[in-house]
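Only one structure is covered here, and it is reproduced in the block below.
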């Protein structure tokens, strides 16, 4: 769905909610015992629940089956899921272009940071597939940079492409590529800068 379509949908939803709120206020003039305002309130609550469920249905969800057993890697994967979901919410709710850009920048920044940590662990453990894995990382970075070029020229179309790519890539990364090196990792900790863990978007809370 394009940003224009999202904007129209959010506008129509806002109009509907405002209209229902006005009906509730006017209906209470009939008396608190009248069923109409309570029916409309029920409709409002139902709309909110359905909208929330539809939004969450599109988001990535961490599952125990994704765990590698290595705290550092699992921590990074959980944060990437959270950051991609924040980006998805920013596009879904048509938040300001600056917020969308910040959310996307943070996903890319943390992805590069995660790749670096993975490669450090693989090097410390002398993983024989390190070069191949580094190539996979670089291919992902190259692809996202192509999407970023598309975003700069046509953000309305590119956002959906970027989101779909990030969600698909991360699931393949967690469930596929990363499973290859796990048996080789006996050293599972790094001397790390805690500041790099800190997300840059409103303490990484959903927008």
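Couple of notes before you dig in:
- Taking 0.36 nm per residue of separation and subtracting the Cα-Cα distance, full extension of the segment from residue 142 to residue 116 would add 7.8 nm.
- Between residue 57 and residue 105, the modelled label-to-label distance comes to 3.4 nm, taking each label 7 Å out from Cα in the direction of the beta carbon.
- The shape of region 62-204 comes out prolate: with a ≥ b ≥ c from the C-alpha gyration tensor, a/c is at least 1.5 and a/b beats b/c.
- Label-point separation in nm, residue 71 to residue 160, each point 7 Å along Cα→Cβ: 4.3
- Given their separation in residues at 0.36 nm each and the Cα-Cα distance between them, residue 44 and residue 153 gain 35.4 nm when the chain is fully extended.
Bear in mind that the values in this text are calculations on the coordinates, not laboratory data. Values in this document were obtained by computation on a predicted structure and should not be read as measured data. Quick reminder, even Gly has a Cβ in these numbers, built from the backbone with ideal geometry, and neighbours come from all protein chains shown.
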